[in-house]
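A short worksheet on the structure shown next.
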Amino acid sequence: MGLCPAQRRFVQRFGFYGFASGELGWSASAAPSWGKHMRRLAGSLRSISLASLGLGVSTFCGTAFAADNGPAAAPDAVAVTAADQQHLAIALRLAAPAVQVNRHILLVDTSASQSGIYRQRTLQAVRSVLQGLPQGSQVRLVAADSSVSVMTPEFVGLDSPQLSAALNRLSLRTPMGATDLAAALRSSLQGVSESAVSIAYIGDGMSAGDMLSGNDLSALVTDLQTSGAAFHAMLLGPRVDAQLSGILANQTGGSLQQLQNDDVASVAGLMAGQLQQGPVLVRDLRSNTAGVSLTAPAAVALRSNRHTLVYGAGAVPAVLEVTGTINGKSQTWKVAGSALRQGGSEIGVLARKAQQTQGLNSPYLGLEGLAAASGDFTSLIGESIAAAEVLSQQGQKLQALEIVSQARLLDSGNVRLTALETALLDETGKADRLGPPSVDEGDALSKTEVRGEILTQRMVQSVNAAIDEADRVAAEQPEYAMTLLKDVLEAVRSSREIAPEKRQELERRVVAAYTRVDSARQTNEIRQLQ
């Protein structure tokens with residue numbers, strides 16, 4: 001049941017283990033609490049990985065919606081170091097508001113999931129956001145589900161008859177299908193010039209175009225930045241997904257709100273206020289401190305009412321200095337004294353994931369979002385230890401060992417996890433196979449070819465097992481089936497040791513299976529509402 005070397009390398013590189021029935025030795029007869037916890041751990045590991053973006057409900061992102069109003073007294077530049085002292089998160093904020101924005105695109109999710117009470121809340125949120133905008137604002141209304149309808153082709157005034165008619169049509173629109181958020185955003189921006197514009201997305205964050213690759217997402221972010229668009233989201237629905245919305249908000253200088261109760265007007269009011277302030281793009285952000293490097297995208301979006309997180313590597317000295325260019329002028333931030341703070345192992349995990357994607361995979365907004373991620377991280381590790389101890393006491397040593405091994409991928413320096421894993425390895429008689437793979441001396445080329453064939457066979461077996469398992473449980477557990485397929489898709493896309501044509505074939509099979517499960521899920525939801 002230990003991870004094979006190929007699986008270990010995959011975990012080390014991309015931070016999750018995509019498993020299917022049989023790969024970890026579990027079955028339907030295994031302890032339900034173990035299976036549930038393993039799925040949660042795998043989901044947590046997957047949520048902070050962006051080898052490709054199979055974007056689903058994230059364990060961490062459930063609490064990472066903060067607009068960062070709490071740390072208003074914090075300095076404009078803060079550095080939080082990881083427990084390993086070799087990774088860091090730098091939080092930067094503008095000293096003063098930048099651009100005032102008076103053009104706003106309201107992108108409304110009208111998919112099948114947004115029906116019933118959520119449909120009513122969505123319409124209320126649209127009205128409340130409009131009421132919160134000042135006179136002189138110009139708006140464009142767009143509805144998106146299986147198709148995209150630009151209901152006001154031009155930007156119109158708040159009191160215009162065109163907007164009134166469009167709102168009436170929106171209220172009569174029947175929720176159906178699924179929304180492709182990336183396609184909806186591009187349709188919304190057609191004809192928009194490069195002057196500042198805010199996009200107010202109201203929906204659950206789910207997207208039919210859920211299988212974005214890193215390149216696809218990078219291109220979408222570039223399109224938004226080129227159009228001068230900041231993405232703001234209000235997430236509401238029976239299930240919400242903050243991962244894609246969080247990344248888009250972070251990369252474009254937007255905001256993220258979640259409706260956690262019935263107070264639609266208050267949340268909409270916060271969103272209306274955020275829409276009116278535009279971000280500034282900082283280009284060529286880099287460290288001026290020897291030994292510290294940053295993993296920053298080509299453009300980093302900063303606001304004055306929250307920090308933006310950028311990750312890096314290296315030991316942080318007493319004074320840290322970073323420099324970037326704003327509108328052609330150099331800008332420097334210095335971090336010292338109380339602005340240098342100590343974080344936990346989650347900083348290292350997030351920094352490594354950002355590094356693998358050139359800074360793109362950064363879904364947490366501000367210092368509050370980072371603090372929330374830390375809290376969730378600590379809770380997850382604590383729950384993993386507790387679950388493993390219970391299973392061990394029940395005699396289920398192998399299941400306990402698997403939970404501990406997976407948790408150590410997130411927090412390798414945790415003393416309790418290390419001690420528990422050592423004890424379980426001794427009790428189960430298993431050697432620690434988590435070290436780096438060795439390569440025997442000999443014909444390197446032949447060994448590489450053989451290794452590639454073996455990995456390809458394993459990947460085919462994993463894909464077959466995942467698709468079979470997803471088809472088996474799709475009717476009763478569609479969300480689990482979709483998560484399983486997202487995980488194995490990431491594994492396929494991430495593997496560089498199998499032939500490209502074979503990888504493309506496997507991708508097509510998994511995407512087809514995912515589409516099939518998602519379509520069945522939507523059909524069932526519609527039937528339940530009828």
#### Entry: Residues satisfying the stated conditions in segment 129-142, i.e. in a helix (DSSP H, G or I) and over 15 Å from Tyr201 (Cβ atoms)
Gln131, Gly132
### Message
Filter segment 187-208 down to the residues that are within 20 Å of the chain's Cα centre (by Cα) and either of a type in the set (Val, Ile, Thr) or more than 14 Å from Val139 (Cβ to Cβ) (or both) and list them by number.
### Response
Ile199, Ile202, Gly203, Asp204, Gly205, Met206, Ser207, Ala208
### Message
Looking only at strands (runs of 3 or more DSSP E) that lie completely in segment 214-325, which have at least 3 residues being within 30 Å of Val492 (Cβ to Cβ) and either of a type in the set (Phe, Trp, Tyr) or touching a residue at least 12 places away in the same chain (Cβ under 8 Å) (or both)?
### Response
229-235, 308-313
### Message
Just to be sure before I move on: is Leu270 buried (at least 19 other Cβ atoms within 10 Å of the Cβ) and of a type in the set (A, V, I, L, M) in the structure I sent?
### Response
no
## Note on the structure
The correct count of residues that are part of a helix (DSSP H, G or I) and closer than 28 Å to Val415 by Cα in segment 344-374 is 20
### Query
Given Val349, Val316, Val322, Val335, which one is farther than 15 Å from Ala91 by Cβ, outside the structural domain of Gln135 (by TED's automatic domain parsing) and either at pLDDT 95 or above or surrounded by 15 or more Cβ atoms within 10 Å (Cβ to Cβ) (or both)?
Val349
### Message
Would you confirm, using the coordinates I've provided, whether Ala407 is surrounded by 23 or more Cβ atoms within 10 Å (Cβ to Cβ), touching a residue at least 12 places away in the same chain (Cβ under 8 Å), closer than 23 Å to Ala74 by Cβ and not hydroxyl-bearing (Ser, Thr, Tyr)?
### Response
no
### Message
So in segment 457-491, with the set limited to residues that are in a loop (DSSP other than H, G, I, E, B) and either in contact (Cβ under 8 Å) with a residue 24 or more places away in the chain or under 24 Å from the mean Cα position of the chain (by Cα) (or both), which one is surrounded by the most Cβ atoms within 10 Å (Cβ to Cβ)?
### Response
Ala474
### Message
Going by what's in this entry, would Ser146 be described as out of contact with any Ser or Thr (no Cβ under 6 Å at 6 or more places or on another chain), of a type in the set (Ser, Thr, Tyr), on the phi < 0 side of the Ramachandran plot and at pLDDT 95 or above?
### Response
no
### Task
Scan segment 189-201 and give yes if some residue there is of a type in the set (A, V, I, L, M), surrounded by fewer than 17 Cβ atoms within 10 Å (Cβ to Cβ) and either free of Cβ contacts under 8 Å to residues at least 40 places away in the same chain or not assigned by TED's automatic domain parsing to the domain that holds Ala219 (or both), otherwise no.
no
### Query
Yes or no: Ala165 assigned to a helix (DSSP H, G or I), more than 24 Å from the chain's Cα centre (by Cα) and either modelled with pLDDT of 90 or more or crowded, with 18+ Cβ neighbours inside 10 Å (or both)?
yes
### Among residues of segment 498-526, those that are more than 23 Å from the chain's Cα centre (by Cα), more than 16 Å from Met482 (Cβ to Cβ) and surrounded by fewer than 16 Cβ atoms within 10 Å (Cβ to Cβ), counted
7
### Message
Just the residues that are part of a strand (DSSP E or B) and among the hydrophobic types (A, V, I, L, M, F, W, C), please, taken from segment 97-124.
### Response
Val99, Ile105, Leu106, Leu107, Val108
### Query
What are the residues in segment 388-419 that are assigned to a loop (DSSP other than H, G, I, E, B) and closer than 18 Å to Glu346 by Cα, if any?
Asp411, Ser412, Gly413, Asn414
### Selected residue [at pLDDT 95 or above, closer than 30 Å to Gln528 by Cα and in contact with a Gly (Cβ under 9 Å, 6 or more places away or on another chain)] from Met206, Met234
Met234
### Query
Within segment 76-111, how many residues turn out to be modelled with pLDDT under 90 and crowded, with 20+ Cβ neighbours inside 10 Å?
1
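The values are calculated or read from the model by the stated rules, or taken from the named source; none is laboratory data. Remember, predicted model here, so these are calculated numbers, not experimental data. Please note: Cβ atoms are built from the backbone with ideal geometry, for glycine as well, and neighbour counts cover all protein chains shown.
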